[in-house]
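In what follows, a single structure is set out as structure tokens and then discussed.
The values are calculated or read from the model by the stated rules, or taken from the named source; none is laboratory data. The structure presented is a predicted model; accordingly, all values stated were derived computationally and were not measured. Cβ placement follows ideal geometry from the backbone for every residue including glycine, while neighbour counts extend to all protein chains displayed.
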Amino acid sequence: MKIQNTKQKNNLIIGPAVAVDTLIFTIRNNDLMILLIKIKDGPYKNKWALPGGLVQIDETLDMAAKRVLRKKAGVKGVYLEQLYTFGDLNRDKRGRIISVAYFALLNSDKLKLKTLEDFYSDIAWKNINSLPPLAFDHKKIINYGLERLKRKMEYTNVVYGFLPQEFTLTEMQKVYETVWNKKLDKRNFRKQVQKLGIIEPTGKTRHSERNRPAKLYRFKDRKLIFTK
């Protein structure tokens, strides 16, 4: 694929191509994972990349990102947020392509990988702390997205994207610990969460590994709310 430089022809502006790249995060076995696709051919052969694609002429950016999520990961209706625009001149060896990055959060119960397209040879969830060699500037994009996620969990209820409809406070705390990569004091965490008022008890319990009943909670709203 050859992308032409910006120029004007017959009063029409022909410019760089615009793509979307999606950072799809989930948590599995208390590890923060991200979905990557392995490139089959071309200058980035055998390197891994974020699921993405060029924005079509009849698509908005949000529409393109949702299409990529649906076609590459088989998911829809999950938390999705525009992250940043990456436009370094040499970020793509194939031509001048500007990428608008998005990040999405999935509960592990919704994982469903789609059939590969011809351009890819593999698709897999990779641990954020042990990433394989990446194509393009996707390492930079992932680092940026991870920092955004960490900060956003400090002042919003965005953590709901990782959790099922019903969960224990221990499960909720483990999500924070996994993303922030640090242990949290159990008593203080529960006090702070209750103070925020973003969750409510379901009236149900679940038996833990030690056979102790744990209260189940749910989010009052499964949409983005600012808590500070």
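Contact annotation: residue pairs with Cβ atoms under 9 Å, 6 or more positions apart or on different chains, pairing a residue in segment 142-159 that is more than 23 Å from residue 197 (Cα to Cα) with a partner that is part of a helix (DSSP H, G or I), are 146/179.
Which of the residues that make up segment 13-33 are touching a residue at least 12 places away in the same chain (Cβ under 8 Å) and more than 16 Å from residue 99 (Cβ to Cβ)? Once the filter is applied, which keeps residues that are touching a residue at least 12 places away in the same chain (Cβ under 8 Å) and more than 16 Å from residue 99 (Cβ to Cβ), segment 13-33 yields 25, 26, 27, 28, 30, 31, 32, 33. Regarding residue 178, is this residue assigned to a helix (DSSP H, G or I) and polar (S, T, N, Q)? Considered against the rule, which asks whether it is assigned to a helix (DSSP H, G or I) and polar (S, T, N, Q), residue 178 comes out as yes.
Taking residue 85, is it over 27 Å from residue 163 (Cβ atoms), within 16 Å of the chain's Cα centre (by Cα) and modelled with pLDDT of 90 or more?
On the way: over 27 Å from residue 163 (Cβ atoms): yes; within 16 Å of the chain's Cα centre (by Cα): yes; modelled with pLDDT of 90 or more: yes.
So residue 85 fits the description; yes.
Taking segment 132-165 as the range and being surrounded by fewer than 15 Cβ atoms within 10 Å (Cβ to Cβ) and outside any helix (DSSP H, G or I) as the test, the residues that pass are 132, 133, 164, 165.
The condition (being at pLDDT 95 or above and within 14 Å of residue 36 (Cβ to Cβ)) is satisfied by just one residue among 128, 98: 128. The single condition among (1) under 28 Å from the mean Cα position of the chain (by Cα); (2) modelled with pLDDT of 95 or more that residue 187 does not meet is (1).
When each of 23, 32 is tested for being closer than 18 Å to residue 135 by Cα and assigned by TED's automatic domain parsing to the domain that holds residue 89, the lone residue that passes is 23.
Any chance you could count how many residues in segment 34-56 are in a strand (DSSP E or B) and touching a residue at least 60 places away in the same chain (Cβ under 8 Å)? Before you say what the answer is, go through the steps one by one.
Looking only at segment 34-56, we keep the residues that are in a strand (DSSP E or B), and these are 34-39, 48-49, 52-54.
After this cut, where a residue has to be touching a residue at least 60 places away in the same chain (Cβ under 8 Å) as well, the list is 34-39, 48-49.
Number satisfying all stated conditions: 8.
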